[in-house]
Amino acid sequence: MAPIPPLQSFPTQLPLPQQTAPAQANGPTFDETLHTFLDSVNDLQKESGSLSERFIKGEAVDLHDVMIAAEKAKTSFQLLMELRNKALDLYREAMRIQV
């Protein structure tokens, strides 16, 4: 049976990672993407409401255009709500982490 080797001492200070320049993002920032998405959801909601009003007033609007606009608005809003729910879940999870 081989003897157990003695413990080796570990450095008391970990080496720092080398400083690098921040990476330049080629695309839009998260903030810009979020604002663009919110604007598009808002535009789809407005378009759906406008087409619905015009259809109710009897203007020359096809029913299928009204329904398509309503479904687009509904789907984009549902996606927005799911993103909000996931963001809240992540926030709650981060708050539970003990430091």
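Here are some notes:
- Counted charge near residue 55, where neighbours are those whose Cβ lies closer than 13 Å (Asp, Glu -1; Lys, Arg +1): -3
- Rounded, prolate or oblate (a/c below 1.5 giving rounded, otherwise prolate when a/b exceeds b/c) for the stretch 30-96 by Cα gyration tensor: prolate
- Net charge over other residues, Cβ less than 12 angstrom from the Cβ of residue 65 (K, R count +1; D, E count -1): -2
- Gained length - residue 2 relative to residue 53, 0.36 nm times residue gap less alpha-carbon distance: 9.7 nm
- Our estimate of slack between residue 65 and residue 29, defined as 0.36 nm per intervening residue step minus the Cα-Cα distance, is 9.6 nm.
Read the figures in this text as sums done on the coordinates, not as results from a lab. These numbers come from a predicted model, not from an experiment. As a convention, Cβ positions derive from the backbone with ideal geometry for all residues, glycine included, and neighbour counts pool all protein chains shown.
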